[in-house]
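Asks: My questions all concern the structure below.
Each reported figure results from applying straightforward, stated rules to the coordinates on display, with no laboratory input. Computed from a predicted model, the values in this text were never measured in an experiment. With ideal geometry, Cβ positions are generated from the backbone for all residues, glycine too; neighbour counts draw on all protein chains shown.
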Amino acid sequence: MYDFLIVGAGLFGAVIANKLNSAGKKILLIEKRNHIAGNIYTEFKNNIHVHKYGAHIFHTNYKNVWDFVNNFSEFNRYTHTVLANFNGEIYSLPFNMFTFNKMWGVNTPEEAQNKINEQIKNSGIDQPKNLEEQAIKLVGHDIYNKLIKGYTEKQWGRDCKNLPAEIIKRLPVRFIYDTNYYNAKFQGIPINGYTAMIEKMLNGIEVKLNCDFLNNKNDFMNIAHNIIFTGPIDSFFNFELGQLEYRTLKFEEEFLNINNFQGHSVINYTDKNTPFTRIIEHKHFLPELKSDNTIITREYSLKWNPGDEPYYPVNDEKNNNLHEKYKLLAQNLKNIFFGGRLGEYKYYDMDQVIFNALNMADKFIYN
Ligand code: FAD
Ligand code: UDP
């Protein structure tokens, strides 16, 4: 008997496995893919760490989370900035004075604020009810039309009027010339890639790859005193209350025999007609590493069908209500716990996932 069976070798599974193992618990970690690290998996090729499941930038305000990850990797001083390409016009993201200057030719915060206020007034929006109204309330309709509407509708496959306002609140709006994508005290990229960081977390822990919990659920339920499940919560219950919705992604990777393709790590294509949402040029995350060639990835956001990889939970009212019902089922189970982006059905960043995993581990260790 194991003390814990942990399902999923992504970030949540790896963090909690590490903490429980350090506390002397006997652990088995199983993963259905053929590699560890879940969606933060990086592959090292041509002296470039390739983010196989999309760009991952570590950022956090939690000191304990930052201290924790630094036990397993050194981080560089990378600060994420994003460019938007709207039909060939380049804008700075998140929304800041450089964006406002390019959009309207304004130079001061007062001029920018006046322009936005004028557009909000014309829109007549007071209490935003959806993403479109929230976006216009934040930055006015010019920015909404060029930098938000097309990108968001490609990303989520829905009209902005049918999306929750919260999604757009992830992006800062700043009336200073500051292009940092995040408001975070700590930020960087692990210098040996995320996979090496997770490998170090899992040092000394029994891990089985290519092993799907759901294929042998009955056997697995009886080999451990506790189970921590980090896959989709609805899949654990065999979708008995219905299916939660996700968005899936397609990554098109290309090796290029040139030194520098786009001059930046991430460029978003914010028009509606370009079929992909963004292009990542991986080498720019770790400029310390030199390479004569480059690797880029075009990212496409697609409708999710059962069997596809679930990348983004769609946290609208309908799905959140269904998730609440699954949570009730979960609470009635003894010794089975759910964690991570899929287990909790929340649009979490890495640091929130680690924060929650550390808290769950503490409960097991100290209660
Ligand atoms: P996952 O990484 O999904 O791990 C779950 C694991 O469980 C997977 O490996 C899966 O294969 C396995 N599994 C599922 N079901 C089973 C089963 N039945 N049996 C066995 N194994 C199973 N966060 C940031 O902080 N910064 C960023 O820049 C950032 N960029 C992102 C970009 C993209 C495109 C995406 C999709 C996410 C991004 N995130 C970012 C979020 C980040 O990826 C997640 O917060 C984090 O990886 C979640 O870790 P997790 O362990 O919860 O989930
Ligand atoms: N967004 C946008 N234009 C952009 C980038 C983001 O409208 O160029 C919106 C979009 O709705 C997206 C949300 O802001 O889903 C959050 O963006 P973020 O970069 O945090 O998304 P992620 O990296 O998690 O996909």
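Asks: Need the full-extension length gain, L328 to D308, defined as separation in residues times 0.36 nm minus the C-alpha distance. One decimal, nm.
Replies: 4.6 nm
Asks: Still on this structure, please answer the following. Would you work out the relative contact order for the chain, in percent, from Cα pairs under 8 angstrom that are 6 or more residues apart?
Replies: Relative contact order of the chain: 27 percent.
Asks: I've got another one for you. Quick one: dipole size for segment 1-59, taken about the Cα centre, charges +1 on Lys/Arg Cβ and -1 on Asp/Glu Cβ, in debye to the nearest 20.
Replies: Charge dipole of segment 1-59: 40 debye, to the nearest 20.
Asks: Work the Kirkwood hydrodynamic radius out for segment 187-247: mean of 1/r over every pair of different alpha-carbon atoms, inverted, in Å.
Replies: 14.8 Å
Asks: Could I ask something else about it? Quickly work out the I223-to-N321 label distance, labels modelled 7 Å from Cα along the C-beta direction, and quote it in nm with one decimal.
Replies: 4.0 nm
Asks: If you don't mind, there's one more thing I want to ask. Go through L241, A84, N359 and say which Cα lies farthest out towards the positive end of the charge dipole of the chain; charges sit on Cβ, +1 for Lys and Arg, -1 for Asp and Glu.
Replies: N359
Asks: If you don't mind, there's one more thing I want to ask. Per the helix-only calculation at 222 nm, which mean residue ellipticity applies to the chain, given -39500 (n - 2.57) for every DSSP H run of n ≥ 4 and division by its residues, nearest 500 deg cm²/dmol?
Replies: -9000 deg cm²/dmol
Asks: If you bin every alpha carbon distance in segment 212-283 into 5 Å steps from zero, what whole percent lands in each bin?
Replies: With 5 Å bins starting at 0, P(r) equals 3, 11, 14, 14, 9, 8, 11, 11, 11, 6, 3.
Asks: Can you give the direction-averaged projected area of the convex hull of the alpha-carbon atoms in segment 107-190, in nm²?
Replies: Result: 6.9 nm².
Asks: As an exercise, use a Förster radius of 45 Å and the Cβ-Cβ distance of I176 and N367 to find the FRET efficiency, rounded to the nearest 0.05.
Replies: 0.50
Asks: Which residues' amide hydrogens lie under 5 Å from the amide hydrogen of F338, considering only partners 5 or more residues apart or on another chain, with H built in the peptide plane?
Replies: F229
Asks: Pulled fully out, how much extra length does the chain show between Y347 and E43, if you take 0.36 nm times their separation in residues and subtract their Cα-Cα distance?
Replies: Separation in residues times 0.36 nm, less the Cα-Cα distance, equals 107.0 nm.
Asks: Right, another one. Quick one: Cα centre-to-centre distance for segment 38-56 and segment 183-224, in angstrom?
Replies: Going from one Cα centre to the other spans 15 Å.
Asks: Determine the percent antiparallel among the DSSP beta bridges restricted to the chain, to the nearest 5.
Replies: Just about 65 percent of them are antiparallel.
Asks: Would you calculate the volume per residue, in Å³, of the smallest convex hull containing every Cα atom of segment 242-367?
Replies: Cα-based convex hull of segment 242-367, divided per residue, equals 162 Å³.
Asks: Work out the FRET efficiency for Q262 and N71 from their Cβ-Cβ distance, taking R0 = 25 Å, and round it to the nearest 0.05.
Replies: Using R0 = 25 Å, I get an efficiency of 0.15.
Asks: Would you mind giving the three semi-axes, in whole Å and largest first, of the ellipsoid equivalent to the chain according to its Cα gyration tensor?
Replies: Semi-axes, largest first: 37, 25, 19 Å.
Asks: Calculate the FRET efficiency for F237 and D3 from the Cβ-Cβ distance with a Förster distance of 25 Å, rounded to the nearest 0.05.
Replies: Once the sixth-power term is evaluated, E becomes 0.55.
Asks: Something else: Using only alpha-carbon positions, what ratio does the radius of gyration of segment 1-111 give when scaled by 2.2 N^0.38 Å?
Replies: Against the compact-globule rule of thumb, the ratio is 1.56.
Asks: Relative contact order of segment 274-363: what whole-number percent is it, with Cα pairs under 8 angstrom and at least 6 residues apart?
Replies: 20 percent
Asks: Could you work out the relative contact order of segment 120-213, using alpha carbon pairs under 8 angstrom and six or more residues apart, expressed as a whole percent?
Replies: Relative contact order here is 24 percent.
Asks: Now for a separate question. Give the separation of the Cα centroids, segment 302-367 to segment 64-84, in Å.
Replies: Using only Cα atoms to place each centre, the spacing works out to 24 Å.
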